[in-house]
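Everything below concerns the one structure shown next.
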Amino acid sequence: LKALLFDDIGDQLDYHRQHPELDVRKRYVTDHRARQWVEFGQAHFVHAERVHTPMGSGIVALSSEASAKAFAVEHEGRVI
């Protein structure tokens with residue numbers, strides 16, 4: 001069993017795309033506003049170029065669809 005940590009959601013997405021052979025048991029992201037862990041499959045993602053993320057992907061996670069839509073409007077982004 002091995003845990004991997006990523007600074008940026010974009011890096012996590014790239015890594016998993018490049019390593020389809022991995023047997024991933026669980027994936028988590030941090031809610032951008034609440035700063036709490038959210039299971040990857042339950043998160044809603046927004047891409048907003050104006051939002052600073054650690055590695056520059058501009059992708060943030062939020063725990064609800066309503067929060068993601070509001071964040072996208074507020075930051076001129078889009079829900080992905």
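Protein heavy-atom accessible surface, 1.4 Å probe, per residue over the chain: 73 Å². Place a point 7 Å from the Cα of residue 8 along the Cα-to-Cβ direction; which residues of segment 44-62 have their backbone N under 19 Å from it? Once the point is set 7 Å along Cα→Cβ of residue 8, 45-62 turn out to lie under 19 Å by backbone N, inside segment 44-62. Mean sequence separation of contacting Cα pairs (under 8 Å, at least six apart), scaled by the length of the chain, corresponds to a relative contact order of 28 percent. Sorting the segments 61-68, 45-52, 3-10, 17-24 by their mean number of nearby beta carbons within 10 angstrom, highest to lowest, gives 61-68, 45-52, 3-10, 17-24. Helix 9-18 axis versus longest C-alpha principal axis of the chain: approximately 40°, rounded to the nearest ten.
Taken over the alpha carbons of the chain as equal point scatterers, the Debye sum produces base-10 log I(q)/I(0) values at 0.11, 0.13, 0.19, 0.21 Å⁻¹ of -0.28, -0.39, -0.80, -0.95.
A crude spin-label estimate for the pair residue 15 and residue 70, with each label 7 Å from Cα along the Cβ direction, gives 3.1 nm. Note the angle between two axes, namely the Cα long axis of helix 65-74 and the longest principal axis of the Cα atoms of the chain, as a number of degrees from 0 to 90, rounded to the nearest 10. Approximately 60 degrees, to the nearest 10.
The values are calculated or read from the model by the stated rules, or taken from the named source; none is laboratory data. Predicted, not measured: the structure shown is a model, and the values here were computed from it. In this analysis, Cβ positions are derived from the backbone assuming ideal geometry, glycine residues included, and neighbour counts consider all displayed protein chains. The accessibility values were calculated without ligands, DNA or RNA, using every heavy atom of the protein model including side chains. Shrake-Rupley method; radii C 1.70, N 1.55, O 1.52, S 1.80 Å.
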